[in-house]
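What follows is calculated from the coordinates using simple rules that are stated; it is not laboratory data. From a predicted model like this one, the values you see are computed outputs, not experimental measurements. In this analysis, Cβ positions are derived from the backbone assuming ideal geometry, glycine residues included, and neighbour counts consider all displayed protein chains.
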Amino acid sequence: MANVLLVFLASWAMVLGALSGLLSLAKLFSFITFPLSLIAGGLSTLVIKAAAALADLSFSVLSVNGSSVLIALSFSLLILAFAVMIFKKNGKRTTGITAFVLTVILASVPLGDYLFSKNKTYITVFDNENASAYLVTHAGQNILLGCGSGLKSPQSLIYALENKNIRSLNTLVIPATTPAESSAAYEVCNTFSPRNIVLPKKEHALSFLESCTPVYVSSYKQKLSSGLEIDYMYKDGNGSVLLDYRGVKVLFLFTPGLSEGKLPAGWEDAEILVCRGKPPLWLNYNSFKAVISSYNQPIESEYTMRFDRNRIKFYNTDNCGDITISLPA
C-alpha cells in the first residue's frame, strides 16, 4: 500500500537528489544545489515517515486468496488479448483504457478479499518446532494461545506474527511456563503489549511480567461481542483451551501425552482439534472433522489410519510452514 501511494513523492526525491548532484559539478549552478538537496532530503524523510505510518494501519497489508489471484490474472489476460485484437483489426490503440481496466481488476482483488474476510475467524498454527503458538484473529481482535518458539529463536515468532499484520494483542494466554509454551513470552510482550495476559495459577511466575499485571488463574473465560468465546482451563499441570464461535468448537491441547479425564466435561465434543505433538489416542474423535498438529515430525500410521477411518482431515506442520484455517461465519 505504501509503495503505491508514495511512489510519486519517492520519484521526485530521487530526481531532485540526482539533479543536485549533477549541478554540484558545475560551479555556475552550485548556488542551487543546496536548496535542491534540502527539498530532496525533506521528501525522503516524508516518504519514510509516511510509509511507517501507513504500515501501522490494520489494512496496510492485505492477504490475498490464491484462487482470487488466478481469476484476476485470467481476466487480465483476456483484457490484454481483447486489446491486441482491436489493435490488429482496426489499428486503434487502447492503451489508456486497458491500463485503467487492468488496474481496477488487480486492485479489486486484495480489497475484495479484505472486505469479504475481515469478519471471519482465522486460526493460525505456527510451524514452531513442536512448540505451542496459535493465533486467533476475528474482527480486529487478536488472541495468541501459547508463545513457544521451539528450536527456533524467539524472534522467529515475532516475525511470523508481523507477517500476519499483527500490531497488537488483545489477549495472550500462556498455558504453561514451560519453554515450549512460553520461551518467546518476553519478546511477545515487549513487541505487541497484550492488554490481557493469562497464566496458570500454580506455575512459577515469569518475573518480567510483573509490571504487566498478569492474571494468574486456574480457569479463564473471555467472550467477545462478536460471539467468539474462549475458555481456558489449567488442571494438574495441563493447560487446554476451548474456542466456541457460534456453535463451532475448536479444542486446543498444549501438553503432549495428556491423560484421559483431564478435560472438562463437553470439551471432547469439539469439531476441530489443535495440538502440540501427537494427538491423544484416547480422545473420542466421533465429532471431530479436522485435526491440526504442530509436531515437527511425521505422524505414525496408527494415527493417520484412525483419522482416515473416521473421515477426519489431518494436517501437520512438520517443518513445512504455518497452517491457517477459517471458521464458517
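Determine the alpha carbon to alpha carbon distance for each of Lys164/Lys201; Lys120/Lys221; Lys120/Lys201; Lys221/Lys262; Lys221/Lys278; Lys120/Lys235 and list only those over 29 Å.
Result: Lys164/Lys201; Lys120/Lys201; Lys120/Lys235 exceed 29 Å.
Among Arg311, Arg306, Arg246, rank each residue by its count of other Cβ atoms within 10 Å, from fewest to most, as a rough exposure measure.
Arg311, Arg246, Arg306
Arranged by the count of other C-beta atoms within 10 angstrom, fewest first, what order do Val250, Val104 take?
The most exposed by this proxy come first: Val104, Val250.
As a footprinting exposure proxy, order Met233, Met14, Met305 by other Cβ within 10 Å, with the fewest listed first.
With the fewest neighbours first, Met233, Met14, Met305 line up as Met305, Met14, Met233.
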